[in-house]
Amino acid sequence: MKYRTILLFGAPGVGKGTQGKILGTIPNFFHCACGDVFRSLKTDSTIGQVFLEYSSRGELVPDQPTIDLWRYFIDGSTKTGRFRPETDTLVLDGIPRSVKQAEMLKDTLDVVSIFYLRCTKEDQLIERLQRRALKENRLDDANLEVIRQRLKTYVSLTREMGSAAWCGACRPGTDPPGSAAGSALRRECGRRSPSMAESDPEMPADWSGTRGPPAP
C-alpha cells in the first residue's frame, strides 16, 4: 500500500524537525526525520560509517542506502505499532532529498501536501546550526565549512527537487497544499504552539503550504 504522506522541505536548520515533531504529537500523524534515523546508528556499523563519511563533508548519503535504511525504519515502526499506515499520515522530514530518491519512492508515497519552510538569511541558519551542534552533539553541524557545504548541497540538489519531482503529486480529489487542508494543519500546530517563535525561539523560518519552493 502507499503511505499517505506530508513532505517537509527546507534548508538545513530552517526548522523542519521542530515542525515535524509538533505535527507528530497530533493523533494519527507519524513524524519520521531521516537525519535522526541516521544519527541513531552505531558508528561502528557499516551504514553508520557511510553516514559519518558523507555527513562529515556536508554531503548527502548515496540514494540507495538512504532509501534502504528508511524502508527498514518504517517497516520496524509498523511492526511495533508506532506507525499505523491504515490510519496515520506520514510526516517526512529530510527525505526525499534528490530527484533520484523521489523517483525511488514514487510508488511508496501518496503525497497529499508539501510544506516548504524557508529562511532568507543564511547567517541565521548557520548560527542556529552551530548552536544545535553544541546542544545535540551533531558532528554535521559542528564545522562552519561543513555547514556551508550542506547549504550548497541543499541548493544544488534538494531545493529544485521540491518542485521538479513533486509538483502535481497530490492525489486528485484531495485538497491541494496551501488550501483548507494546509490551513487546518497550521491551525492545529498553532493550538499546540501559538507561534513558531514560541515553539523554538531560535528558528528564523516562516512556513507555508506549497507544491514546491518559490522562485529564487
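Brief remarks follow.
- Number of the condition not met by R118 [criteria: (1) out of contact with any helix residue (DSSP H, G or I) (no Cβ under 9 Å at 6 or more places or on another chain); (2) at pLDDT 90 or above; (3) charged (D, E, K, R)]: (2)
- Of the residues examined, K100 is not one that is within 16 Å of T158 (Cα to Cα), surrounded by 21 or more Cβ atoms within 10 Å (Cβ to Cβ) and in contact with an Asp or Glu (Cβ under 8 Å, 6 or more places away or on another chain).
- Applying the condition of being acidic (D, E) and surrounded by 15 or more Cβ atoms within 10 Å (Cβ to Cβ) to the stretch 60-97 and asking which residue is farthest from the chain's Cα centre (by Cα) yields D88.
- Qualifying positions in the stretch 82-108 - assigned to a strand (DSSP E or B) and either at pLDDT 95 or above or over 24 Å from S55 (Cβ atoms) (or both): T89, L90, V91, L92
- Cβ-Cβ contacts under 8 Å between residues 6 or more apart (or on different chains), taken from a first residue in the stretch 116-138 that is farther than 23 Å from V91 by Cβ to a second residue that is of a type in the set (A, V, I, L, M) and surrounded by fewer than 16 Cβ atoms within 10 Å (Cβ to Cβ), are listed as I126/L144; Q130/A142; Q130/L144; A133/L139; A133/A142.
The values are calculated or read from the model by the stated rules, or taken from the named source; none is laboratory data. Predicted, not measured: the structure shown is a model, and the values here were computed from it. As a convention, Cβ positions derive from the backbone with ideal geometry for all residues, glycine included, and neighbour counts pool all protein chains shown.
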